[in-house]
């Protein structure tokens, strides 16, 4: 009987171990089924991460290129500005050269000239030529005498008493001519104002 009991017990143990093996196998299948989507998710994440990394690299590369391009543009414009400052006055100075030539000729003639009126006329011609050149460059002299005193245009160096009421606050005399460059005062006129 013991043998029968042992056999039954062995059979039961075998059944239990078969059932356990089946359960383990089922659990593995279930786990592997659950793992498969997890792997797909991680693969999708990996693909997404790779896509995001590529996009990041592309954007970072274009950003760096734009930064370099802007830096080159900034350096180029600074260099161009420096060149303009160096050579900007070139055209103005080139236009003055004929006036200087006229002055040199006038100085040579003054030493040997006997006719003072001819010398005066020559100096007036040079002055008119120089004034015309300044006008071409946008420089104009400020009309002062007879105008109301304006601190934006004039600098009062003296005041004199006047008898007429309408002369008070009016420019009586101009000691030094003032100039504007395209309506901007570059030198104030030094004037005497009636008080």
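Between residue 105 and residue 66, full extension at 0.36 nm per residue minus the direct alpha carbon distance yields a gain of 8.2 nm. The coefficient of translational diffusion for segment 108-184, derived via Stokes-Einstein from the alpha carbon Kirkwood radius under 20 °C and 1.002 mPa s, stands at 139 µm²/s. The alpha carbons of segment 139-195 give a radius of gyration and a Dmax of 11.2, 37 Å, in that order.
Fewest to most neighbouring Cβ within 10 Å: what's the order for 133, 127?
On the way: 133 15, 127 12.
The most exposed by this proxy come first: 127, 133.
Listing 90, 152 from fewest to most neighbouring C-beta atoms within 10 Å gives 152, 90. For segment 89-137, the calculated P(r) over all alpha carbon pairs, in 5 Å bins from 0 to the bin holding the longest distance, is 5, 21, 27, 20, 13, 9, 5, 1 percent. Counting beta carbons within 10 Å around each of 179, 56 and listing the fewest first gives the order 56, 179.
We did not get these values from a lab; they are worked out from the coordinates using the rules stated. Keep in mind the model is a prediction, meaning the values are calculated, not measured. Every residue, glycine as well, gets a Cβ built from its backbone with ideal geometry; the counts of neighbours run over all protein chains shown.
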